Amino acid sequence: MMKSTTYNAGTLTRLALLIAMNCVSAYMIIPLPFSLSPISLQTLVVNLVAYLLPPKQACAAMLAYVCIGLIGIPVFTGGASGPGKMFGPTGGYIWGYVVAVTLIAWLKGKEYNFKRFVIVGVCIGLPVIDVLGCIQLKLITGMTWEGAVLSGVLPFIPLDIVKCLGAAALARPLYKILGAMR
């Protein structure tokens, strides 16, 4: 028999707020002429989801985001939606978000620790997102591995590291505002 998980109003509110933040962050983009993926604020919010929620809730929040986009609500990068986006060239990054938030939330520890949050975000989260995104980009477009890495990974690394630092810094005051996350 499966164990039932129930969420109280505070937990549901935190989940809803973080899902909404992720949806909004997908609209904050800077298109790049040499890449199918724009720079977006999503990496920061994805890390916040992982830093502020336990693993099951972080995964549930990202899966809810994916489902919202799959049913046609324009919440993916730049206002895209639907299966075409999820299974298109840049959908691998979105799948990477689901895996990354779960791993980051699991490995971050039970207490706020800026250094640990950054290390887990940069050394685990970013590579997971980039690897899954790069694989799907290469497979769908038929570009070489070198081309996929050069257009879909390398240009984003410096700013993604900055976004991990920003998310880790924001996590501390948000812990206080949103309450205990464990």
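The values are calculated or read from the model by the stated rules, or taken from the named source; none is laboratory data. Quantities reported herein were computed from a predicted structural model and do not represent experimental measurements. Neighbour counts are summed over all protein chains in view; Cβ atoms, including those assigned to glycine, are modelled from backbone coordinates with ideal geometry. Surface areas here come from the heavy atoms of the whole protein model, side chains and all, with no ligands, DNA or RNA. Shrake-Rupley method; radii C 1.70, N 1.55, O 1.52, S 1.80 Å.
Key figures
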item: Filtered residues of segment 33-49 (kept if under 18 Å from K85 (Cβ atoms) and in contact with a Ser or Thr (Cβ under 8 Å, 6 or more places away or on another chain)); result: S35, L36, S37, P38, S40, L41, Q42, V45
item: Failed criterion for F114 (all others in (1) modelled with pLDDT of 95 or more; (2) within 16 Å of the chain's Cα centre (by Cα); (3) under 20 Å from A169 (Cα atoms); (4) not basic (K, R) hold); result: (2)
item: Among (1) closer than 30 Å to G142 by Cα; (2) in contact with a helix residue (DSSP H, G or I) (Cβ under 8 Å, 6 or more places away or on another chain) - the single one G84 does not satisfy; result: (2)
item: Among (1) without any contact (Cβ under 8 Å) to a residue 40 or more places away in the chain; (2) open to solvent by 50 Å² or more (accessible area, probe 1.4 Å); (3) out of contact with any Gly (no Cβ under 9 Å at 6 or more places or on another chain), the one test that G147 misses; result: (2)
item: Qualifying residue in segment 159-171 (condition: open to solvent by 20 Å² or more (accessible area, probe 1.4 Å) and over 16 Å from F114 (Cα atoms)); result: yes
item: Per-region count, segment 102-126, residues loosely packed, with under 15 Cβ neighbours inside 10 Å and not basic (K, R); result: 4
item: Number of the exception - I135 against (1) in contact (Cβ under 8 Å) with a residue 40 or more places away in the chain; (2) among the hydrophobic types (A, V, I, L, M, F, W, C); (3) under 29 Å from A9 (Cβ atoms); result: (3)
